[in-house]
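Down below is the structure, laid out as structure tokens.
The values are calculated or read from the model by the stated rules, or taken from the named source; none is laboratory data. Since this is a predicted model, take the numbers as computed values, not measurements. Cβ placement follows ideal geometry from the backbone for every residue including glycine, while neighbour counts extend to all protein chains displayed.
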Ligand code: SER
């Protein structure tokens, strides 16, 4: 069976049972700041699983693209993937255990035509949080699954906790497929690897609260998930997911370019294919490689793939050549090919420069030494963009002791420092005081001034600002669209200042003094009596400042750290308000 056939059958089956199809959401979760990526089909549905009314009703079906980062180190075997697709059906306070199990059974045996002898199931065995799930076990038995093929297992196996820290959760019942030709054993042994899990029905009857307690949920839901890659593999009698048509075009491409065989180089090729595919999807959902959060995961994936390519072949192979089959495997996603190729190419170039410089630094650090200190490894990580595992591997191959604990201490120290510097700044949402956001804060001040200068409008003020680790967003009052030439001039103005390397200083003063001295303030914001003012100035001529603004920071000390400023978009935000999105390259 092909990927597209399984998807079609699944959606059709549940639509016939009164389900409505939900869209396949972005990998960047919209409603959940506690996780970086969409990890399961239920994830975008969380608000509806806890009571909000879904516009499409109470019975939903869909296919969802997912990223699971906790499995990154497992990738390389035959079943783990960073990026995968999940089919699912949901009941939002509508049907519960009995129908959910019936639907699953019917789909497996009637639609996929899996013989009942090849199916086993597991149910929750019960503990202090929730009783043994006798009801599900009985239902499976009624449907014809023999008792010996129904295992009762603990939380570790048969429980779904929220994707984030709190939220809907509960016991689950899982379905397994006997993947080999030899006769199915009478008794189901979940540790036998020939039994492979293909579907999970989560019976959401609890809500996990802030204290970690499971509270009976007001609305009881069903959340099921069927991993597409795995199901396609087993339905086609394959014992390696990467042998299915979902992966083969990529694997074949890698074989062709490297002139090596998959059978001899499985691990490397799997990692390359997995990481590049995941990277393509992440980029297409708007994340760019950088040193924080999502961007860092992406950077790690790309760089790890590049390193595996180097392990695989001494020839110069670009990741851009390898990725192309992905666009054909997933035509319905309309992946942003141009952006993906551009970003992969950029990151590849950055990484090769980084490696060169970083390796030199590394050599210096370990000259006549047998260990790399936490400070040294943190510098490699922070300033040279070395992924942790690369540092680790370098140490290993040179027999140097890598002090992981010390590294983590340095990392935490850095996080704390930048958090104190900006306490109170991000009251809502994720606290993010990374190097990236700090740089973007300073860039926002430059942009604010550049607009006033280039558009020659003294009344132009900031009307809003929002910064993530990936980009800045700046709203200001102006009555028309900017011309391309104006945009270019604004960029040039800013980049010229960055090149000069002006300095940034912070002063505390009364609000009145700050305003009198000409500091810019955001229109409509209430400021306290005493404020901080950040000034960007020329150290050689301190009176010559280019920007002065009320702000809580944090900011860089020297704007030459900003790199290159680039405007991505200029658009209308509301009547008389324009919005700019920009990045630092
Ligand atoms: N949320 C469950 C899972 O991901 C079922 O969809 O396995």
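Taken as a whole, the structure leaves residue 4 outside the set of residues that are away from the ligand (no atom under 16 Å from the Cβ) and either on the phi > 0 side of the Ramachandran plot or at pLDDT below 95 (or both). Report yes if some residue within segment 149-166 is free of Cβ contacts under 8 Å to residues at least 24 places away in the same chain and farther than 24 Å from residue 212 by Cβ; otherwise report no. No, because not a single residue in segment 149-166 is free of Cβ contacts under 8 Å to residues at least 24 places away in the same chain and farther than 24 Å from residue 212 by Cβ. Given the condition in contact (Cβ under 8 Å) with a residue 40 or more places away in the chain and within 27 Å of residue 216 (Cβ to Cβ), answer yes or no: does some residue in segment 70-84 qualify? No, that holds for no residue.
The C-beta contact set for segment 35-62 (first residue without any contact (Cβ under 8 Å) to a residue 40 or more places away in the chain, second residue within 11 Å of the ligand (Cβ to nearest atom), distance under 6 angstrom, 6+ apart or interchain) comprises 38/66.
Tallying residues that are within 13 Å of the ligand (Cβ to nearest atom) and in contact with a helix residue (DSSP H, G or I) (Cβ under 9 Å, 6 or more places away or on another chain) within segment 38-59 yields 3. Quick check on residue 18: is it in a loop (DSSP other than H, G, I, E, B) and either more than 16 Å from the ligand (Cβ to nearest atom) or under 14 Å from the mean Cα position of the chain (by Cα) (or both)? So residue 18 passes the test.
Taken together, the residues in segment 178-197 that are in a strand (DSSP E or B), more than 10 Å from the ligand (Cβ to nearest atom) and surrounded by fewer than 22 Cβ atoms within 10 Å (Cβ to Cβ) amount to 1. Take residue 239 and decide whether it is in contact (Cβ under 8 Å) with a residue 40 or more places away in the chain, surrounded by fewer than 14 Cβ atoms within 10 Å (Cβ to Cβ) and away from the ligand (no atom under 16 Å from the Cβ). So residue 239 fails the test. The set of residues from segment 168-177 being within 14 Å of the ligand (Cβ to nearest atom) and touching a helix residue (DSSP H, G or I) at 6+ places or on another chain (Cβ under 6 Å) comprises 168, 173. Select from segment 107-129 the residues that are over 25 Å from residue 13 (Cβ atoms), at pLDDT 95 or above and in contact with a strand residue (DSSP E or B) (Cβ under 6 Å, 6 or more places away or on another chain) and list them in ascending order. Those that are over 25 Å from residue 13 (Cβ atoms), at pLDDT 95 or above and in contact with a strand residue (DSSP E or B) (Cβ under 6 Å, 6 or more places away or on another chain): 124, 125. In segment 237-251, what residues are modelled with pLDDT of 95 or more and either assigned to a loop (DSSP other than H, G, I, E, B) or more than 16 Å from residue 76 (Cα to Cα) (or both)? Result: 244, 245, 246, 247, 249. For segment 380-409, a residue qualifies if it is at pLDDT 85 or above and either under 24 Å from the mean Cα position of the chain (by Cα) or in a helix (DSSP H, G or I) (or both), and the qualifying residues are 380, 391, 392, 394, 395, 396, 404, 405, 406, 407, 408, 409.
When each of 584, 550, 562 is tested for being under 21 Å from residue 453 (Cβ atoms) and under 24 Å from the mean Cα position of the chain (by Cα), the lone residue that passes is 584. Residues in segment 206-233 that are surrounded by fewer than 19 Cβ atoms within 10 Å (Cβ to Cβ) and either within 11 Å of the ligand (Cβ to nearest atom) or not in a loop (DSSP other than H, G, I, E, B) (or both): 214, 215, 216, 218, 219. Applying the condition of being surrounded by fewer than 18 Cβ atoms within 10 Å (Cβ to Cβ) and within 13 Å of the ligand (Cβ to nearest atom) to segment 60-96 and asking which residue is nearest to residue 50 (Cα to Cα) yields 70.
Taken over segment 120-166, residues that are within 12 Å of the ligand (Cβ to nearest atom) and touching a helix residue (DSSP H, G or I) at 6+ places or on another chain (Cβ under 6 Å) amount to 1.
Here residue 528 passes the criteria (1) surrounded by fewer than 18 Cβ atoms within 10 Å (Cβ to Cβ); (2) in contact with a strand residue (DSSP E or B) (Cβ under 7 Å, 6 or more places away or on another chain) except the one numbered (2).
Anything in segment 487-508 that is in a strand (DSSP E or B) and within 10 Å of residue 538 (Cα to Cα)? List them, or say none.
Answer for segment 487-508, where residues must be in a strand (DSSP E or B) and within 10 Å of residue 538 (Cα to Cα): 503, 504.
Screening residue 92 with (1) in contact with a strand residue (DSSP E or B) (Cβ under 8 Å, 6 or more places away or on another chain); (2) at pLDDT below 95 gives one miss only, at (2).
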